[in-house]
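The values are calculated or read from the model by the stated rules, or taken from the named source; none is laboratory data. In this text, all values refer to a predicted model and were calculated from it rather than measured experimentally. Using ideal geometry, Cβ is built from the backbone for each residue, glycine included, and neighbour counts are taken over all protein chains shown.
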């Protein structure tokens with residue numbers, strides 16, 4: 001689980017002058033180490049994120065459906081997920097180590113916990129936001145409870161659900177950098193390596209990649225939401 | 001399980017150290033929050049009152065949310081070097097968008113009928129702001145403060161990788177403090193964050209006028225604000 | 001598009017186009033309530049007629065309507081649709097055979113107009129072609145341009161959405177239609193137009209309709225039978241409009257229909273239906289159409305003074321005269337006849 005990073009500085013004699021002098025940002029280093037350091041880290045980071053968001057969403061979605069049915073579940077779920085959410089990531093990662101060791105599992109469990117609150121809340125709020133008269137009309141026309149949920153309530157809840165996914169995804173992308181303290185994967189690895197050696201280029205490169213990833217994921221999800229909800233974009237055209 | 005027992009013992013044995021680090025942690029957080037609040041709240045309130053700058057005010061939060069804190073700290077270290085001030089700057093940058101957006105949305109979104117009525121009664125714009133808009137906006141402003149507080153406390157944990165002191169010092173230094181130490185400090189930081197959350201949740205409820213509170217009866221505690229309650233550490 | 005085709009559209013379960021609705025000793029008591037929302041309501045709505053439930057707020061008229069399609073469950077009593085109890089079927093199935101129109105309409109914002117209207121036919125498993133044809137037919141029936149089919153509800157005006165709501169309710173050609181204050185949120189001018197259109201529609205499709213309103217004038221205009229309810233769902237009177245106005249059962253009904261009920265009665269009849277007085281070249285006041293209501297004629301007569309009004313016939317000539325006395329006599333038919 002060691003990131004394929006080789007010693008970076010000092011590359012006496014072989015590094016460029018920029019690297020040797022620890023200039024603020026050395027393109028050559030980025031080019032040279034894209035394949036062995038940056039790209040693997042990026043891919044690992046992406047994987048960590050996707051797995052965490054997928055599992056978190058599955059769990060939160062199920063909980064939200066349950067709470068939509070039985071309102072009394074809402075408070076306990078919010079309390080537990082809120083509690084998990086409030087614990088600073090560095091602490092949570094470490095607190096899990098006795099249970100799941102220094103592994104990707106620990107990282108994933110912690111990351112999933114951070115997604116639960118926002119995904120649960122947004123899904124539930126989205127479902128609750130369906131206008132009452134739409135629900136009344138749907139029931140009155142003869143939709144069963146299941147049909148009401150899947151063909152009316154969930155589509156109308158999509159904007160809120162996707163908003164939650166956006167926040168959760170960006171949150172995980174950010175938190176996954178801290179995962180380096182339990183498993184040497186993700187963009188946190190080059191960041192931490194750069195911090196230890198105060199090697200600016202690596203810090204900036206990895207940091208910037210992380211920011212870019214987050215912005216790209218956010219934008220992508222906005223596009224997804226627009227594609228899935230064509231009715232939200234039309235205005236009165238009469 | 002034994003690890004946790006050892007962790008508790010560690011806390012007991014090293015109370016002085018942990019306490020000192022807690023104070024460092026709070027100092028760092030407090031300084032950053034102070035600056036962020038002083039800058040963001042007036043700006044957000046003024047913009048919201050004038051109903052201007054909505055695009056910027058909302059999108060600064062979107063962008064701000066996407067900035068992973070460890071990444072930002074690392075870029076900050078690269079550019080500014082290590083140390084208390086540099087970390088504090090990074091924390092301010094991370095806290096600012098949350099507070100700004102909440103303050104803006106809070107004042108901008110005050111019931112326009114209430115504002116209209118106030119103006120119609122002869123209040124000057126300044127009176128409307130202080131007597132009508134701010135009291136009604138206070139709960140949401142506080143939600144932003146609360147989110148920012150917890151967020152900064154959490155991020156300050158990472159400060160140790162950038163040369164500032166906090167409880168994170170112990171957590172990242174497993175070599176010196178071993179697992180019980182790491183766990184002990186982790187427990188401390190978790191408790192610290194939770195206490196902060198509870199404190200500010202109570203404060204938020206306290207500044208919510210009774211009337212508005214009744215409307216929210218259905219919403220359980222710890223919800224904060226839907227739009228900006230997110231964090232990146 | 002031929003109105004005959006609409007009238008003969010096959011009902012989805014071999015139901016006749018219109019069903020009889022019977023309420024027998026219906027009772028609804030909410031748990032923990034001191035008094036029942038509906039105590040003991042019995043009435044029968046003949047097939048193909050509009051029955052209006054009207055009464056003051058809280059009298060239980062909407063509750064009674066919602067008991068029929070089991071949006072609210074009966075505490076006691078029976079509700080029979082063409083002789084079969086509504087309890088025999090599962091609620092979802094029952095509701096697919098009953099049209100349901102509510103005041104806020106409740107169109108699905110995330111579906112096109114066409115999809116909205118097609119909801120129940122699709123639930124019943126109609127094939128695509130049939131559904132599409134039916135949607136086209138219905139849009140025409142409610143006088144909406146066909147290009148609206150692919151738009152979203154947010155793109156329509158309030159009046160247009162109201163019509164879509166009616167079209168949606170009629171989609172599967174149900175034998176019964178429930179309408180809960182459908183025109184309540186609409187401005188008076190549009191409301192009159194929609195009421196007229198509903199009557200025209202009914203002339204074509206002849207459904208059994210239960211219509212809830214708090215507006216007595218709307219009730220008189222639309223209803224074949226009117227059920228006046230008082231608090232507790234107690235039936236004060238159940239009669240056709242003219243009988244209701246001529247002979248209110250008690251003080252409550254009399255004050256509900258209003259002190260001007262005689263005038264309201266006059267509004268129900270046309271001058272052309274009377275046996276007119278011969279003209280004989282006598283002096284007369286204004287000339288009016290045979291379609292003029294007796295009420296409007298009365299108004300003209302009072303304003304004018306002494307002279308009777310002349311009624312013109314199809315060719316524009318004077319067919320006869322109308323006097324105050326004639327109108328008064330219309331209210332009190334000769335018992336000997």
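A few points about this structure:
- Of all residues making up the range C:190-218, the number that are touching a strand residue (DSSP E or B) at 6+ places or on another chain (Cβ under 7 Å) and not in a strand (DSSP E or B): 4
- One residue stands out in the range A:196-230 among those that are free of Cβ contacts under 8 Å to residues at least 40 places away in the same chain and buried (at least 23 other Cβ atoms within 10 Å of the Cβ): the one that is farthest from residue B:163 (Cα to Cα), namely A:207.
- Candidates B:122, B:83, filtered to the one that is out of contact with any strand residue (DSSP E or B) (no Cβ under 6 Å at 6 or more places or on another chain) and without any contact (Cβ under 8 Å) to a residue 12 or more places away in the chain: B:122
- If you go through the range A:121-150 and keep only what is within 10 Å of chain C (Cβ to nearest Cβ) and over 23 Å from residue C:89 (Cα atoms), you end up with A:130, A:131, A:132, A:133, A:134.
- Breaking point among (1) closer than 17 Å to residue B:102 by Cβ; (2) within 14 Å of chain A (Cβ to nearest Cβ); (3) surrounded by fewer than 20 Cβ atoms within 10 Å (Cβ to Cβ), for residue B:65: (3)
- Of all residues making up the range C:278-302, the number that are buried (at least 17 other Cβ atoms within 10 Å of the Cβ) and modelled with pLDDT under 85: 2
- Lone qualifier among C:144, C:74 - being over 24 Å from the mean Cα position of the chain (by Cα) and more than 18 Å from residue A:144 (Cβ to Cβ): C:74
- Hits in the range A:174-191 - residues which are within 9 Å of another protein chain (Cβ to nearest Cβ) and surrounded by fewer than 24 Cβ atoms within 10 Å (Cβ to Cβ): none
- Lone unmet requirement of (1) more than 14 Å from every other protein chain (Cβ to nearest Cβ); (2) out of contact with any helix residue (DSSP H, G or I) (no Cβ under 8 Å at 6 or more places or on another chain); (3) over 23 Å from residue A:197 (Cβ atoms); (4) not in a loop (DSSP other than H, G, I, E, B) for residue B:133: (2)
- Here the range A:75-91 is the region considered, the condition is being within 7 Å of another protein chain (Cβ to nearest Cβ) and either crowded, with 20+ Cβ neighbours inside 10 Å or touching a strand residue (DSSP E or B) at 6+ places or on another chain (Cβ under 8 Å) (or both), and the residue that is farthest from residue A:171 (Cα to Cα) is A:78.
- Residue in the range C:148-170 that is nearest to the chain's Cα centre (by Cα), counting only those that are more than 9 Å from chain A (Cβ to nearest Cβ) and crowded, with 21+ Cβ neighbours inside 10 Å: C:166
- Residues being farther than 19 Å from residue C:22 by Cα and surrounded by 19 or more Cβ atoms within 10 Å (Cβ to Cβ) - total across the range C:222-237: 1
- Test: residue in the range B:31-48 that is more than 17 Å from the chain's Cα centre (by Cα), surrounded by 22 or more Cβ atoms within 10 Å (Cβ to Cβ) and either without any contact (Cβ under 8 Å) to a residue 12 or more places away in the chain or part of a helix (DSSP H, G or I) (or both): yes
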